[in-house]
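Novice: For reference, the structure I am asking about is given below.
Readers should treat all values here as calculations from the given coordinates under stated rules, not as data from a laboratory. Quick caveat, the model's predicted, so the values are computed rather than measured. Reconstructed Cβ throughout: ideal geometry from the backbone, glycine too, with neighbour counts over all protein chains shown.
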Amino acid sequence: MECNRDEALRAKTIAEDRIGKKDFPGAKKFALKAKTLYPELDGITQILTTVDVYISAENKISGETDWYGVLSVSPSADDETLRKQYRKLALMLHPDKNKSIGADGAFKLISEAWSLLSDKSKRLAYNQRTQNNVAKPKPKPPVTTPTPNKRSDTFWTICLRCKMHYEYLKMYLNHTLLCPNCHEAFMATETAPNRLLLLLSSNFVFLILLFKYPSHPAEVCCDSLYALFTLSCAC
């Protein structure tokens, strides 16, 4: 066991040296080796966290730093998840509590990530720039025939802020979209359509005319009187 500890210390020293040379993948390799040899080795968890922050910061998405990766959260993470993860990393990387090499720079990176992602307008603008996480699709044109094959290519979702229902192509499933109604970002997860929408889509040919958003004819507001439905029997 003592032999493992000595080997782990040597691997940790090499990892710290690689951090100083900004060879972060190499640093992670030796830090993981040290942790495997002696999991209780002092400071090894902090070194791994530091290295992961630097590796994520070097990852670019559409030319932008991967700030979600820096905080080790998903792009769909809510405000509370972001806050908890930032606090967890800040406690581990704060220079007053972590004197290991590279910790100060890693702390500055997570602080920058938090500053951007905790601001709703900055976060939305960042999402739009990266494009991989945010899309502004054109909603599907109104359906004039209840064709099952076409229906299978779409899904229903809802903006949790304003309760507006939308039908989008499957390619936008689980993407963060911009709600045309309240202009807030929301995760387009698949939801069951409102009962009225389900009845219309299965039993009628219908035309949806939105007075509030004429440029988005496929959007359906189920909780307001913005829509005028012209119905005819599908028989």
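Novice: Label-point separation (nm) for residue 104 and residue 191, each offset 7 Å from Cα along Cα-to-Cβ?
Specialist: Result: 4.9 nm between the two label points.
Novice: In this model, which of 12/122; 21/122; 35/170; 35/84 are farther than 31 Å apart at the alpha-carbon?
Specialist: On the way: 12/122 38 Å; 21/122 33 Å; 35/170 43 Å; 35/84 25 Å.
With Cα atoms farther than 31 Å apart: 12/122; 21/122; 35/170.
Novice: Give the Debye-formula value of log10 I(q)/I(0) at each listed q (0.22, 0.27 Å⁻¹), with one equal scatterer per alpha carbon of the stretch 26-93, two decimals each.
Specialist: Relative scattering, expressed as log10 I(q)/I(0), comes to -0.97, -1.14.
Novice: Using a ≥ b ≥ c from the Cα gyration tensor of the stretch 1-132 (square roots of the eigenvalues), is it rounded, prolate or oblate, where a/c under 1.5 gives rounded and otherwise the larger of a/b and b/c decides, a/b for prolate? Show your work: numbers first, answer last.
Specialist: Working: a/c = 2.58, a/b = 2.06, b/c = 1.25.
Prolate shape, in that a/c is at least 1.5 and a/b is the bigger ratio.
Novice: Okay, moving on. Please sort 108-120, 45-57 by packing, taking for each peptide the average over its residues of neighbouring beta carbons within 10 angstrom, highest first. Present the calculation step by step, with values, prior to reporting the outcome.
Specialist: Working: 108-120: 17.2, 45-57: 21.2.
The packing order, highest mean first, is 45-57, 108-120.
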